[in-house]
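A.B. asks: Quick one: structure below, then a few questions.
The values are calculated or read from the model by the stated rules, or taken from the named source; none is laboratory data. Note that the structure is predicted; figures quoted are calculated from it, not measured. Here the Cβ positions follow ideal geometry from the backbone for every residue, glycine too, while neighbour counts run over all protein chains shown. Protein only, heavy atoms only, side chains kept; ligands, DNA and RNA dropped before computing areas. Shrake-Rupley method; radii C 1.70, N 1.55, O 1.52, S 1.80 Å.
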Amino acid sequence: GGEVEMQAPTPEEWSRILSMTSYACPPSPILLILLLDPYPPKLLRQPLHSLFLSLLIDARFKSRFAAALGGAAYRSLTTLFCAGVGTDSDTPLGFTVQIFTAGSLVRALGNPAAVTNLLCHDGGGIRSSSARVAQHVVTIPIAHNIVRCIHSNLLGATKEVKEAIKVAAVSGTVGPDGTGEVVNPSLVYQPGEHSMTALLPASPDDGFLDSRSTRHKRLPHLLRDLEYIFETPTTSARLLLAVVAAAAQSADAPLYSLPRVPNVKPSACLGFPTVWARLLRLGQGMDPQKRRISGGHVEYEQNRWLEAFGLSLNLAGAYDALAESPAAASGGGGSESDPENYRKSVGNLFAALLKEMKLWLYREG
């Protein structure tokens, strides 16, 4: 056969890719090993995990590992994990307990500049040859990332979304180059949309209770990671007080700056209370007990209530951690302990919850 000539993407194509991507960063050995971890046989993965475990005692390696896992590889690994790839004891996600319980690492993963520094670091600061690359590093805060992963996995397992995927595949909605890629606008990000600006829709049904991620207890792992982050000192207060740096006044400096997203106005970025309240809305009305209007009177017992009950308990645990942590932080030092900031953080949380309750009552969003 003839040789296939590979052409580099044009600046316009790069701009479109970066405008929709959740992360973009230079490759590193740690990052590549993490991204490829689900694919080799178990005999190869186990020695690698043992090597990681022994190296995590080194502070420098632990910070690089945290940046690669939390800043880039987390979404890919959790998507495959919720799809049934790997087990609880055979995945790099088992290291999150050592990363997300360290306050310094959680604060770094929520700071775009700190994550960029770690992803481009090579011993003595950012390399001069990578200075231009660092300008194009894109990550989203770890708390936003985890909520997004949980929400997308639940939403993708609903009956309506599965049916939309089947219809798109059958109708031949493919890319213009004939690659067969599904480009249904309702299923993929479009230019100008980004995970930090586009709010995911509410669940059209509770079909996710029958999915592998719920029945096989995959989602509790992600919600447990979220609890670790909420329980680190001052993190919850920073999340609930998040303001966009570009919109902040000098007298009210942000405690937690949202990241810079290419081709997106900073004021369009979603705050954490908004995405968190939308996630909680997915758990509203799960497995409703309805009397059948027609048909026989024989009722067949179903076990879906077990999945609904378990998921609601996991969501409640994460919510309790988020709601209680600002109160704990108010007793310490720093700007997060200011009673006025505590009042604002709780107010932001309740405002987002009340908005989602209104949308749910009026069947909007």
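A.B. asks: Can you figure out the FRET efficiency of K355 with E160, using R₀ = 30 Å and their beta-carbon distance, to the nearest 0.05?
C.D. replies: Efficiency at R0 = 30 Å is approximately 0.80.
A.B. asks: A further question follows. Taking 45 Å as R0, compute the FRET efficiency from the Cβ-Cβ separation of S312 and E340 and round it to 0.05. Please report the intermediate quantities before stating the final value.
C.D. replies: Details: r = 33 Å, r/R0 = 0.74.
So the FRET efficiency works out to roughly 0.85.
A.B. asks: Also, I was wondering about something else. From the phi angles alone, apply the Karplus equation (6.51, -1.76, 1.60; θ = phi - 60°) to the range 60-71 and give each ³J(HN,Hα) in whole Hz, x where the residue is Gly or Pro.
C.D. replies: 5, 5, 4, 5, 5, 5, 5, 5, 5, 6, x, x
A.B. asks: Sticking with the crude label model, points 7 Å out along Cα→Cβ, report the distance from D90 to D205 in nm, one decimal please.
C.D. replies: That separation, rounded to one decimal, is 3.3 nm.
A.B. asks: Given the peptides 355-361, 140-146, 232-238, 157-163, arrange them by the average over their residues of other C-beta atoms within 10 Å, most packed first.
C.D. replies: The packing order, highest mean first, is 140-146, 232-238, 157-163, 355-361.
A.B. asks: Rank D225, D58 by accessible area, highest first, at a 1.4 Å probe radius?
C.D. replies: On the way: D225 0, D58 75 Å².
The residues order as D58, D225, largest area first.
A.B. asks: Here's a follow-up. For the ranges 83-93, 65-75, what's the packing order if you count other beta-carbon atoms within 10 Å of each residue, average per peptide, and put the highest first?
C.D. replies: Those peptides, ordered most packed to least, come out 65-75, 83-93.
A.B. asks: Which of K42/K217; K162/K217; K42/K166 have a Cα-Cα distance over 24 Å?
C.D. replies: Flagged as over cut-off: K42/K166.
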